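Data first, discussion second: the structure below is written as structure tokens.
Please treat every number below as a calculation from the coordinates, not as lab data. This structure is a prediction, so every number in the text was calculated from the model and none was measured. When we count neighbours, we look across all protein chains shown, and the Cβ atoms used for this are built from the backbone with ideal geometry, even at glycine.
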Amino acid sequence: MSVRAFYADLGVDMPNRGGDNIAVRCFAAPDAHKHDDRRPSCSINAETGAFNCFACGAKGGAYDAAVALGKSAAEAMGLLRRHGLADDERSAPRPKAKTSPRCSEADLDRDRQSLESNTGAVGQLEALRGWTADAIRALGLGLDGERIVFAVRDADGALVNLLRYAPDPERRNGRPKLLAEKGCPRDLFPAPETLEGDEAWIVEGEPDAVAGHSLGLPAVAIPGKGSWRLEWAERFAGRRVVVVLDCDSGSRETAQRIARDLLDHAAEVRLLDLDPRRADDHDLGDELLEATEHGAAGRGELRRALECMAAEAPALERPAPEDGATLLDGLAAFVRRFVVITDAQAAVIALWIVHTHALDAAEATPYLSITSPEKESGKTRLLEVLDALVARAWFTGRATAAVLVRKIDKERPTLLLDESDAAFKGEKEYAEALRGLLNTGYRATGRASLCVGQGASITYRDFSTFGPKAIAGIGELPDTVASRAVPIRLERRARGEHVEPWRERRGRESAAPLRERAEAWASEVGQTLHHAEPEPAHELGDRAQDTAEPLLAIADLAGGDWPERARAALVALHGERPMEAGSPGVRLLADVRTVFDGRNVDRLATADLLEGLHGLEDAPWSDWRRGRAVTGRGLGDLLRPYRVGPRTVRFDNGTTAKGYKREQFEDAWKRYLPANPASIRHNVTTRMGSGIAPDSYPSQDRVVTAAEEAENPHGERDVTDVTDRARETARSARSRPTRT
């Protein structure tokens, strides 16, 4: 369970301090606080994730925090599950808080009578805010000292909160402009169920609701720009809704989110921007105050202008569902504008980009191993392009071990690691921390345990290492890391191969629509992906199948030719080389099979087997240790882990000798070697005391005619020709039902 990581995903920074309750700026109703709540008035319980603002009264569990920060119900529950909070009943949606001793109908009646009896106060409100007496009366406002009281009721009409607002900025004396009852929830004001007619204007903040009613508009206020809740959209069912929030970027984003949520319920939705040129929090109340300088005529003119602007604003339409295949085609084409890659590489990269946006739906994540034999082959350029497309990108060449683990645990970024060859050859502590993080981080349950605290309070903590990672460098990744990755081998661009130059600002602007589409599509299909059970590409090894599963799920859901393309691309990039092909034992098993097949016998004396192994071209056995060939004892040592050893063998001529029978190897061959012996390559070299360096780049060349070469001058491989089995697998996957 990680409360800090949960809030980090929501954009709330919890300072690294001791204690159970951590002070933060209020995020549930930021507009209720002066100076952006620079002196934090909200606290978060570091154990449960519950929050409470002592100034505005906002309060709830981790689920309520996610909803208050704009997450849908599904998104909120996804975050809770990701961070281990979903099973905690304190994180579930809370029932409405009981009315506090000060939040009662009796208090409200007293406050109303206080305002009604104070005729001077009503006049002052018109001068200060432009509010009319009719609006004040209709909304049932009260007066408590110098503060105006708003009565907040839920959909059933029950009183849930009393808000006290200071209308005169000059008399606030540094105190919050709006105070809410502690322990009482915020809600819409007034309740939309009380409006007459079928129209509603959604505004930001209770004072703007009074401003709207002073203009004769049926206004309903949300508590603040970050407080909209998805479930409120149902309360506007069948209405014609105009959303008119404040003039600032946060409010405009909230307005867009409100409008999208309303499309499922409202009869019509329009967005009205009071002044697109402004970004200074200018709002409806400011417009009213300016119009009030001209009395009732000014208010009437402002109302007509607003209604005209709303009528001219186009009614929003529910966007057509994103076509997954078209999205993937667009992503693949975009990457190929800037980097020379094959069809197979482009397909896998496009799927991986979408996967970073749908990480919550996956139980494993494939890494991208971006390598090249030489520098200036496009590795960094590919990472730059990915940086503009993936979710929560973290492009870095180096970070301390402590930062690496903590940032991934806290923010779950998409790690884009450049110069990995230098990292693994550099400082030992960092290299080992990086290796450990990569070894465990492909699984959702991956953890790294580190010591935290100081002195007598030192202890340990498990940090999540799960997250998408693209690792670029020259040469090989460590074998254990490479087995968790899809290899993307780049080569230096040849003369005649042309790509566009990457210009950071222009490139990001071009990538933004694709990134947003990928994010929207992933959000829409997240639950389906979570339950998907795609048919695996059987040509891949077990670990490769595990990490390929989320990519295949995306391809199957996208449809079109992507199920076939995805499986063919993964097979092409992985080849049929098993994950252990880099070990000397597996290499030996393959070469032993070659010797048996070449001699067409079922048994061999140790001396004859060694003779055959020493004679294999490009094999390491004739120059195994310090220039000496592998011996009978060395052969036995290498084969022992596979439960194969020398025995006395009788030959047809009646003689006996120490040797091996073919049947001894059959089980190991089935378990560790592919069906095709050519999949184990022979261009490897020995390493003193450490075995053999694998060939990471199995050949994918094929014989082509002169006509084919003319049609494909860059030598790009057609991944649809890789294997018929991939095509058949994909066809069966499309007819396979998902788990529910």
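What angle, in degrees between 0 and 90 and rounded to the nearest 10, separates the Cα long axis of helix 249-262 from the longest principal axis of the Cα atoms of the chain? Approximately 80 degrees, to the nearest ten.
Report, by chain and number, residues whose modeled amide H sits under 5 Å from the one on ARG493, excluding near sequence neighbours (fewer than 5 apart, same chain). Those lying under 5 Å, H to H, from ARG493: there are none.
Measuring nothing but how far apart in sequence close Cα pairs (under 8 Å, 6+ apart) lie, relative to its length, the stretch 101-260 scores a relative contact order of 17 percent. For the stretch 167-181, backbone nitrogen atoms closer than 18 Å to the point 7 Å from ARG39 Cα along Cα-to-C-beta are found at 170-180.
Relative contact order, whole percent, for the stretch 584-662 stands at 34, derived from Cα pairs under 8 Å and 6 or more residues apart.
Here's how it looks for ILE370: its modeled amide H is under 5 Å from those of ILE471, ALA472, GLY473, ILE488, which are all 5 or more places away or on a different chain.
Annotation note: GluC sites (Glu not before Pro) in the stretch 234-302 located in DSSP loop regions with a Cβ neighbour count of at most 14 within 10 Å are GLU293.
Based on Cα contacts under 8 Å between residues 6+ apart, the chain shows a relative contact order of 9 percent.
Couplings 3J(HN,Hα) of the stretch 504-521, computed from phi: 3, 5, 5, x, 5, 4, 5, 7, 3, x, 5, 4, 5, 5, 5, 5, 5, 5 Hz, in residue order, whole Hz [Karplus 6.51 cos²θ - 1.76 cosθ + 1.60, θ = phi - 60°; x for Gly and Pro]. Distant-in-sequence amide contacts of ASP144, defined by a placed amide H-H separation under 5 Å and a gap of 5 or more residues or a different chain, comprise VAL149. Within the stretch 582-669, the GluC sites (Glu not before Pro) that combine a DSSP coil assignment with at most 10 other C-beta atoms in a 10 angstrom radius are GLU617. For the stretch 315-441, the dipole from Cβ point charges (+1 on Lys and Arg, -1 on Asp and Glu) about the Cα centre works out to 300 debye, to the nearest 20.
Only the Cβ atoms of Lys and Arg (+1) and of Asp and Glu (-1) were treated as charged; on that basis the dipole of the stretch 324-574 about its Cα centre amounts to roughly 860 debye.
The separation of the stretch 112-185 from the stretch 219-243, counted between C-alpha centres, amounts to 21 Å.
The 3J(HN,Hα) values that the Karplus relation (6.51, -1.76, 1.60; θ = phi - 60°) gives for the stretch 58-66 are, in residue order, 4, 7, x, x, 4, 4, 4, 5, 5 Hz. Gly and Pro appear as x. Charge dipole (Cα centre; +1 on Lys/Arg Cβ, -1 on Asp/Glu Cβ; no other charges) of the chain amounts to roughly 3040 debye. Every helix of 4 or more DSSP H residues in the chain counts as -39500 (n - 2.57), and over all residues that averages to -12000 deg cm²/dmol at 222 nm. Taking every DSSP beta bridge that has both ends in the chain, the antiparallel portion is near 55%.
Placing unit charges on the Cβ atoms of the charged side chains and taking the dipole of the chain about its Cα centre, the candidate lying farthest along the positive direction among GLY397, GLY426, ALA472 is GLY426. Across the stretch 219-226, rounded Karplus estimates of 3J(HN,Hα) from the backbone phi angles (6.51 cos²θ - 1.76 cosθ + 1.60, θ = phi - 60°) give 8, 10, 9, 8, x, x, 5, x Hz, Gly and Pro being marked x.
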